[in-house]
Amino acid sequence: MALLDGLRVLDLTMWRPGPYATQLLAQLGADVIKVEPPGGEPMRAFRSHFDLLNQRKRSIELNLKDDAGRDRCLELARTAEVFVEGFRPGVADRLGVGHEALRAANPALVYCSLSGYGAEGPLAHVPGHDVNYRAYASALPQDAVSPGDELPVADMAGATMAAFAITAACLKARATGTGDRIDLGMADVLANWAGTVPAGTGPATTGPPTGAARAGGPVPGYGIYPTRDGHKITLGVVSEERLWAATCGALGLPEHAGVPFAARLGRVAELDADVAAAVARLTRDEAVERLTAAGAPVAPLLTRAELMDHDHFRERGVIGDGTVGSPVRTLTHPPLPPGPVAELDGHRGQGWGADRLTD
């Protein structure tokens with residue numbers, strides 16, 4: 001049995017954020033029924049992506065604009081514990097599956113709305129995607145010219161926060177018999193993150209280097225450094241004297257090893273230039289090997305292909321051959337391993353308590 005075994009989740013979400021949130025719940029044992037529109041979720045056209053976000057869920061096809069389809073959805077919601085939707089604000093109400101309608105039928109229901117800017121507020125009805133949410137939340141460098149091929153940070157952050165909020169609300173609902181409405185905006189999550197970073201240290205002011213030159217970090221030995229073979233490494237020295245000494249020792253900079261943190265703050269440009277020059281004389285593998293052996297905080301800047309083949313993440317079960325496992329590790333009630341993906345409407349007529357997807 002996994003941690004959320006028996007939790008009943010009705011999932012009306014599509015694309016990335018909502019499906020990732022409910023997959024996190026499914027990987028921990030929740031029984032997720034995915035409600036898809038006629039013809040299926042549009043993401044099914046991108047099966048390699050769809051399959052990574054929809055494992056261990058059941059699928060039913062319902063037309064919520066039709067009385068029969070809406071009635072079936074409400075029937076399932078009456079005995080569910082969680083209802084998740086990712087519509088634009090107001091759409092769920094127009095379809096007859098809004099918060100008030102469902103909570104009237106099931107007072108203990110945890111109803112989660114996941115949207116770009118939340119259900120209320122000046123931006124609530126503004127359309128957007130990941131890059132827009134990052135821009136509003138000051139989570140893009142001011143000198144950015146393209147979102148690049150970065151992770152969809154807002155999507156994944158919002159989804160993870162949704163899964164966290166849902167489990168918290170379920171604890172309270174099970175204890176009191178009263179559910180809740182979660183109104184989660186992806187931009188809100190990033191704004192919260194950005195708000196915890198002191199002014200002058202976030203991506204809005206210290207973006208990553210765009211070429212061979214270093215952009216510089218808040219302290220020497222912290223940031224992204226190009227190597228001789230065209231790759232990059234990252235160093236993560238902050239105030240720790242031992243980590244600074246280890247970095248200097250590995251890079252052949254003994255004259256800087258004993259400089260205390262307070263003094264380093266007054267010599268950022270000088271010391272960081274020396275670190276960058278030393279790294280630039282090494283290949284990525286040479287730099288990682290030397291710095292790791294010395295106990296310095298170093299990591300190579302990997303490609304996605306290199307990540308998927310990395311022994312650390314494979315050993316921990318996060319990455320497999322064409323699969324992605326749960327990032328959560330528990331001893332007594334482990335997450336479920338990667339599993340099958342339901343075909344569209346493959347579970348028509350099923351309700352809670354029916355056989356769930358198995359390997």
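The table below gives the values:
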| item | result |
| --- | --- |
| Efficiency of FRET between Lys172 and Asp311 - r from beta-carbon atoms, R0 30 angstrom, step 0.05 | 0.15 |
| Solvent-accessible ranking of His312, His129, largest area first, probe 1.4 Å | His129, His312 |
| Solvent-accessible area per residue for the chain (1.4 angstrom probe, square angstrom) | 50 |
| The chain: relative contact order as a whole-number percent, Cα under 8 Å and 6+ apart | 19 |
| DSSP beta bridges in the chain [antiparallel fraction, %, rounded to 5] | 30 |
| Accessible-area ranking of His256, His99, largest first, probe 1.4 Å | His99, His256 |
| Residues with amide H under 5 Å from that of Thr227, placed H, sequence gap 5 or more | Lys232, Ile233 |
| Cα-centre dipole for region 55-123 with unit charges at Cβ (Lys and Arg positive, Asp and Glu negative), debye to 20 | 240 |
| Alpha-carbon Debye profile of the chain, log10 I(q)/I(0) at 0.07, 0.10, 0.15 Å⁻¹ | -0.39, -0.74, -1.24 |
| Hydrodynamic radius of region 1-129 per Kirkwood, over alpha carbon pairs, in Å | 15.0 |
| Nearest 10 degrees, 0 to 90: helix 284-294 Cα axis against the chain principal axis | 80 |
| The chain, dipole about Cα centre (Lys/Arg Cβ +1, Asp/Glu Cβ -1), debye to the nearest 20 | 320 |
| Accessible carbon and sulfur surface of region 1-133 relative to its total accessible area, %, 1.4 Å | 55 |
| Accessible surface ranking that places the most exposed of Ser48, Ser59, Ser138 first, with a 1.4 angstrom probe | Ser48, Ser138, Ser59 |
| Nearest-20 debye value, region 12-152 charge dipole, Cβ charges on Lys, Arg, Asp, Glu | 220 |
| Furthest towards positive pole of dipole, Gly121, Thr176, Pro141, structure part region 76-193, Cβ charges | Thr176 |
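The values are calculated or read from the model by the stated rules, or taken from the named source; none is laboratory data. Note that the structure is a prediction, hence the values are computed from the model and not measured. Please note: Cβ atoms are built from the backbone with ideal geometry, for glycine as well, and neighbour counts cover all protein chains shown. Only protein heavy atoms, including side chains, enter the accessible area calculation; ligands, DNA and RNA are left aside. Shrake-Rupley method; radii C 1.70, N 1.55, O 1.52, S 1.80 Å.
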